[in-house]
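Scroll down for the structure; my scribbles are underneath it.
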Amino acid sequence: MKRHIICIWPALGILLCICSTAAIAISTEPQEPAQKKKALFVWGGWPGHEPKQCVDIFAPWLKEQGFEVEITDSLDAYANAEKMKGLALIVQAVTMGQITPQQQSGLLQAIRGGTGFAGWHGGIADSFRSSTDYEYMVGASWAAHPGNIIDYEVNIVNHDDPITKGLADFKMHSEQYYMLMDPNVEVLATTTFSGQAQAWIQGAVMPVVWKKLFSKGRVFNSTLGHVAADFNVPQAREIVQRGLLWAARVPGAGDDPKPTNPYAPLVKK
Ligand SMILES: [Zn+2]
């Protein structure tokens, strides 16, 4: 009889243990999984830049990286406070076009608050030409592509930044963008104009890839990507992919920018 009692107590203990584990499992079941970062792709404007085809390269890829992705062809999203709330990233592919004061206000407010803003070619740096507030946020404005579709080289000037790390200089056959630049951006890659199309710009070194801050928001741009086929150049595609992660503040994708400020050395101290 005594032997029976000794055997029962450990058995009861194990039973209690199983029951309490089951209770914990049940109580934790309704909890939500870790929240995904949200990204909004906005495309439109001049169709020659194939905005939808380009978005179709990067949106599925970003989804594979664990983002919740929404795609729209209307700038109305910017004026929709509910939609803008909680966005980690806005990817815009809208060349030229018009933005209303309400749309612009919603967009800039989101970026000031910490939403990232990223794009390529004219999709963010040649949008809404009459909006200086928008251009100030982007940090550049497109001016020309001398010679139109030409052969040129892209030079990686920062080999430590995760956006350009491990990439060698590469060649493009496309538009070589001549930008009006904000000095308060960090330049990661450049191109040099040969002067063949317009002799007076020979030797001009122009940013191709840069990152900057607009208040709390990270802004990324690459001027490569005139048409979707330009992203068949692996480096051109890779740079945008990495830039999207950086702008969305994905851990390990890079730090806040250290502005290049190219005119600072001219100031005599
Ligand atoms: Zn173009």
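Read-outs throughout are calculated quantities, based only on the coordinates presented, and are distinct from any laboratory measurement. On a predicted model such as this, the values are computed, not experimentally measured, just so you know. A quick note on method: Cβ atoms are made from the backbone with ideal geometry, for glycine too, and the neighbour counts reach across all protein chains shown.
Would you be able to say whether some residue in region 137-145 is among the hydrophobic types (A, V, I, L, M, F, W, C), free of Cβ contacts under 8 Å to residues at least 60 places away in the same chain and not in a strand (DSSP E or B)?
Scanning region 137-145, I find no residue that is among the hydrophobic types (A, V, I, L, M, F, W, C), free of Cβ contacts under 8 Å to residues at least 60 places away in the same chain and not in a strand (DSSP E or B), so the answer is no.
Within 19 Å of VAL205 (Cα to Cα), touching a His at 6+ places or on another chain (Cβ under 9 Å), touching a residue at least 12 places away in the same chain (Cβ under 8 Å) and not small (Gly, Ala, Ser) - does that describe any residue in region 229-248?
no
Given the residues LYS83, LYS37, LYS63, which is the only one that is touching a residue at least 60 places away in the same chain (Cβ under 8 Å) and out of contact with any Pro (no Cβ under 8 Å at 6 or more places or on another chain)?
Details: LYS83 fails: touching a residue at least 60 places away in the same chain (Cβ under 8 Å); LYS63 fails: touching a residue at least 60 places away in the same chain (Cβ under 8 Å).
Only one candidate passes the filter, namely LYS37.
So which residues in region 152-167 are in contact with a strand residue (DSSP E or B) (Cβ under 8 Å, 6 or more places away or on another chain) and without any contact (Cβ under 8 Å) to a residue 60 or more places away in the chain? Working first, answer last.
Of region 152-167, the ones in contact with a strand residue (DSSP E or B) (Cβ under 8 Å, 6 or more places away or on another chain) are 152-158, 161, 163-164, 167.
Answer for region 152-167, where residues must be in contact with a strand residue (DSSP E or B) (Cβ under 8 Å, 6 or more places away or on another chain) and without any contact (Cβ under 8 Å) to a residue 60 or more places away in the chain: TYR152, GLU153, ASN155, ILE156, VAL157, ASN158.
Within region 93-107, identify whether any single residue is of a type in the set (A, V, I, L, M), out of contact with any His (no Cβ under 7 Å at 6 or more places or on another chain) and in contact (Cβ under 8 Å) with a residue 60 or more places away in the chain, and answer yes or no.
no
Please specify each residue of region 78-96 satisfying the condition of being surrounded by 21 or more Cβ atoms within 10 Å (Cβ to Cβ) and either touching a Phe, Trp or Tyr at 6+ places or on another chain (Cβ under 6 Å) or assigned to a helix (DSSP H, G or I) (or both).
Within region 78-96, TYR78, ILE90, VAL91, ALA93, THR95 qualify.
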